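For reference, the structure is listed below as structure tokens.
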């Protein structure tokens, strides 16, 4: 009897549930991941080039000190210690904190009231008031501040008849608060209004059937339901307040005695760098301010985590 030998054949490739081989699926996943990274690449390059690298360089020079004899000398954290002990830095920080404690609630309340009123208005008037409230945000900060500087002027301003010097030492902080609120309340209003537009209308109708007034609906239903948007708007306002810089710098020529070169920490750091060439000390002040902004923002988010969906 002749034994017939058969040659072994290759086992069929593993086929997945979708009909493709494991290698094909792996290649598809790699291609999809590569496509995603290609979309992220331009942003990553800009982030590294214009944020991370400058921050790293600023931190590096903040650890040095310039001397006439030895030039750049490694000083560890001496610049940071000097900034913490500097009474002008502490004065600016206290002023900014007082400004934020007053201006932030005022802005958020005004933005919330405007958003609630626009949300309750008819569609035609809603569009008009929404645009009117947002227009100040569209005006560049420098132009808006210059405009208010002319309005505050005691010679050509329309408020000169009141006899109030809006740029004096006692009133300039309130005047700056008015500019910031005028500039940014519309932005916060849009954030809150967008959140209101996402709420289910059935809830309002049920409340109206139960006899709730529009004020009760606004305060007891709408406002609690947009807690996340309120926290987000407040957080952005706090961060912007702690970086207070442009408005007082633009108004400074109107009354240099009221808005000093150390009026805010940012202005003080700017003056140290570009007026006195103390770049190392200026970088240290900037990093300390950044740490304050980060810690303050984290504390606020931690304190409000139960009232919002933000984690």
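Coordinate-derived values only; no laboratory data. The structure displayed is predicted, hence computed values, not measured ones. Methodologically, a virtual Cβ is constructed for each residue, glycine included, from the backbone with ideal geometry; neighbour enumeration extends over all protein chains shown.
Let a ≥ b ≥ c be the square roots of the eigenvalues of the Cα gyration tensor of the chain; is it rounded (a/c under 1.5), or, if not, prolate (a/b larger than b/c) or oblate? Let's see the in-between values first.
Numbers: a/c = 2.91, a/b = 1.35, b/c = 2.15.
Verdict is oblate for the chain.
Is the shape of the range 170-300 best called rounded, prolate or oblate, per the rule: a/c under 1.5 gives rounded, else a/b larger than b/c gives prolate, else oblate, with a ≥ b ≥ c the square roots of the Cα gyration tensor eigenvalues? Kindly include the intermediate steps, with their values, before the conclusion.
Working: a/c = 4.29, a/b = 2.40, b/c = 1.79.
Here the range 170-300 falls in the prolate category.
Working from Cα positions, state the angle (0 to 90°, nearest 10) between the long axis of helix 53-62 and the longest principal axis of the chain.
Relative to the chain, helix 53-62 is tipped by roughly 50 degrees.
Determine the calculated [θ] at 222 nm for the chain from helices alone, applying -39500 (n - 2.57) to every DSSP H run no shorter than 4 residues and normalising by the residue count; nearest 500 deg cm²/dmol.
That calculation yields -21500 deg cm²/dmol at 222 nm.
Between 162, 241, 24, find the one with the highest GNM mean-square fluctuation for the chain; connect C-alpha pairs within less than 10 Å.
Ranking 162, 241, 24 by mean-square fluctuation puts 24 first.
Compute the angle between helix 265-274 and the longest alpha-carbon principal axis of the chain, please, reported from 0 to 90 degrees and rounded to the nearest 10.
Between helix and principal axis, roughly 90 degrees.
Among 41-47, 111-117, 227-233, 163-169, what's the highest-first ranking by average C-beta atoms within 10 angstrom per residue?
Per-residue Cβ counts within 10 Å, averaged per peptide and sorted highest first, yield 111-117, 227-233, 163-169, 41-47.
Mind checking the full-extension length gain between residue 171 and residue 216? Use 0.36 nm per residue of separation minus the Cα-Cα distance, one decimal, nm.
Value of the extension gain: 12.5 nm.
How much length is gained if the chain between residue 81 and residue 66 is pulled fully straight, taking 0.36 nm per residue apart and subtracting their Cα-Cα distance, in nm to one decimal?
On the way: separation 15, 0.36 × 15 = 5.40 nm, distance 1.59 nm.
My answer for the length gained is 3.8 nm.
Would you kindly state how much longer the chain becomes between residue 194 and residue 228 on full extension, computed as 0.36 nm times their sequence separation minus their alpha carbon distance, in nm to one decimal?
Values: separation 34, 0.36 × 34 = 12.24 nm, distance 1.18 nm.
So the chain would gain 11.1 nm between residue 194 and residue 228.
What is the distance, in nm, between label points placed 7 Å from the Cα along the Cα-to-Cβ direction at residue 138 and at residue 277?
4.6 nm
Once you sort the root eigenvalues of the Cα gyration tensor of the range 98-206 as a ≥ b ≥ c, which label holds: rounded (a/c under 1.5), prolate (a/b larger than b/c) or oblate (the other case)?
Prolate shape, in that a/c is at least 1.5 and a/b is the bigger ratio.
For residue 47 and residue 73, FRET efficiency with R0 = 25 Å and r from the beta-carbon atoms, rounded to 0.05?
That gives a FRET efficiency of 0.20.
For residue 33 paired with residue 125, estimate the spin-label separation in nm (one decimal), with each label point 7 Å from Cα along the Cα-to-Cβ line.
Roughly 5.7 nm, to one decimal.
With axes computed from alpha carbons, what is the tilt in degrees of helix 279-303 against the longest principal axis of the chain, rounded to the nearest 10 within 0 to 90?
70 degrees
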